[in-house]
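The values are calculated or read from the model by the stated rules, or taken from the named source; none is laboratory data. Note that the structure is a prediction, hence the values are computed from the model and not measured. Here the Cβ positions follow ideal geometry from the backbone for every residue, glycine too, while neighbour counts run over all protein chains shown.
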Amino acid sequence: MKAKLYKCLILLIPIFSLFSQPSIKRDPNVVRIINEISADSIKRNIEKLVSFYTRHSLSDTLSPTRGIGAARRWLKSELERYSRQSGGRMKVEYDEFIAPTGPRVPKPTKMVNVIATLPGKIYKDKIYIVSAHYDSRAGDALDSTSFAPGANDDGSGTAGVLELARVMSKYEFDFTIMFVLFAGEEQGLLGSRHFAKKLKDSNIVVLGVLNNDIIGNTEGGNGIIDNTQVRVFSEGLPLSRDENLLRLISNIGLENDSPSRQLARYLKDVAERYFDNFKVNLIFRRDRFLRGGDHTPFNEQGFPAVRISEMNENYSRQHQNVRTEKGIKYGDLPEFVDFEYCANVVRLNAVALYHLANAPMPPQNPVIKVSELEYDTTLRWDLSNENDLAGYNILIRETTSPFWQKKIFVGRVNEFTLKNVSKDNFIFGIQSVDIDGNESLVVVPMPSR
């Protein structure tokens, strides 16, 4: 019995030890960006957002100091200021639409997303998005006049996107980055649903969406205080109407390998290279239990999108009228935001965006060859002609593992065979790598003869 056990262990060695893991390096530009992101800047912007009294999507649009109209004008002016400071490369604009009558919209209402676009040097029509929603609410979803500070929900995410635009607009990237602030989230994801459909209808390639919603609180309503972790939510099965695709995913066991889940894994992988004491927790569901956010409309359109959110929420500080009852303060106030924690969440966004937007295109047409039964596994993909392409990584993990366990650099080839590695027991991925070490999102090959 012991001899058989030892033999099994020896057979496993080639799979996870034959090839060395590529060395992990911290890019000095990324370190510089991390250091430029300021908790004080985020604090000032959250306090400014709160000063508009309410940012309810149905609130005043004419006042220069109060309501969602004043808020969006200030947001646009800030993004325009950042653009001027960085040479004017970043384009800032409103994205206006009419929200139809619905449960939380009593009459057709003009709503406005605020968008800043930093065009890519190479791929101007292929984009990564970092987003948040700038509207707020009090206890009643239709109350457009009461004090609704929205410091954390989602002033924290909005200030985070502003800070990313301020810092990252000074740099150039291969892919286009869009910094997007949505209206109408509290009325039913209206701004993001409009914008996701607009991009889909325009045939814009959205490679990934990082949506930041509620990223500033470290004192949970459960009594836990934790400033060392953040959650990233991602869908498992894609929101697809393609029955054949869903059947294939089920047949080959890829329920845990949607493009959104690969984006979440990527975020954890690259961010934790730069932070020794800040953990990215992957939550394998689309959003918090029975709730939703602005990444969901992008999932509905077939785009990879994840939600980034604090580790422990405090419901006495969300969707509450500001008040004190029995010695407990209710309301989404700036005093409850941990600005340094918020800055750390913004920093991990920056790390992922930098590497994604400078990496080669993800491998195209990846397949796993299944022309005959065999003990080896052969992967194939199209060889890119990008000048700075160094080659490709093959990634491997056991079917029960949530994370990639092995990464093998195979060079500038378009096919690779893993000897004595069973298709039955492992999941495989392929990733492009450039000469600076920037890695693309991982793509999972589908069977092909």
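The listed residues are 45, 35, and the only one of them that is of a type outside the set (Phe, Trp, Tyr), assigned to a helix (DSSP H, G or I) and either within 13 Å of residue 134 (Cβ to Cβ) or not assigned by TED's automatic domain parsing to the domain that holds residue 143 (or both) turns out to be 45. For segment 338-373, how many residues meet the condition of being among the hydrophobic types (A, V, I, L, M, F, W, C) and touching a helix residue (DSSP H, G or I) at 6+ places or on another chain (Cβ under 6 Å)? Residues that pass the stated criteria total 8. The residue of segment 261-289 that is surrounded by the most Cβ atoms within 10 Å (Cβ to Cβ), among those that are in a helix (DSSP H, G or I) and in contact with a helix residue (DSSP H, G or I) (Cβ under 6 Å, 6 or more places away or on another chain), is 267. Cβ-Cβ distances below 6 Å connect the following pairs, each with a first residue in segment 362-388 that is surrounded by 12 or more Cβ atoms within 10 Å (Cβ to Cβ), a second residue that is polar (S, T, N, Q) and at pLDDT below 95, and a separation of six or more residues or different chains: 367/448.
Elements of the type strands (runs of 3 or more DSSP E) sitting completely within segment 383-449 and holding at least 1 residues that are of a type outside the set (A, V, I, L, M) and in contact with a Ser or Thr (Cβ under 8 Å, 6 or more places away or on another chain): these cover 389-398, 415-418, 426-434.
Of all residues assigned to segment 233-251, at least one qualifies as being assigned to a loop (DSSP other than H, G, I, E, B), modelled with pLDDT of 95 or more and either outside the structural domain of residue 404 (by TED's automatic domain parsing) or buried (at least 17 other Cβ atoms within 10 Å of the Cβ) (or both). Contact map, segment 416-430: residues that are within 15 Å of residue 372 (Cα to Cα) paired with residues that are surrounded by fewer than 13 Cβ atoms within 10 Å (Cβ to Cβ) and of a type in the set (A, V, I, L, M), Cβ distance under 8 Å, separation 6+ or inter-chain. Pairs shown: 420/11. From the residues in segment 297-322 that are touching an Asp or Glu at 6+ places or on another chain (Cβ under 7 Å) and not in a loop (DSSP other than H, G, I, E, B), which one is farthest from residue 226 (Cα to Cα)? So the residue we want is 299. Tell me, yes or no, whether segment 323-330 has at least one residue that is part of a loop (DSSP other than H, G, I, E, B), crowded, with 17+ Cβ neighbours inside 10 Å and at positive phi. No: segment 323-330 contains no residue that is part of a loop (DSSP other than H, G, I, E, B), crowded, with 17+ Cβ neighbours inside 10 Å and at positive phi.
Here residue 62 meets the list (1) surrounded by 17 or more Cβ atoms within 10 Å (Cβ to Cβ); (2) hydrophobic (A, V, I, L, M, F, W, C); (3) in a loop (DSSP other than H, G, I, E, B) almost entirely, failing just condition (1). Scanning segment 378-425 for residues being within 26 Å of residue 267 (Cα to Cα) and among the hydroxyl-bearing types (Ser, Thr, Tyr) gives a total of 5.
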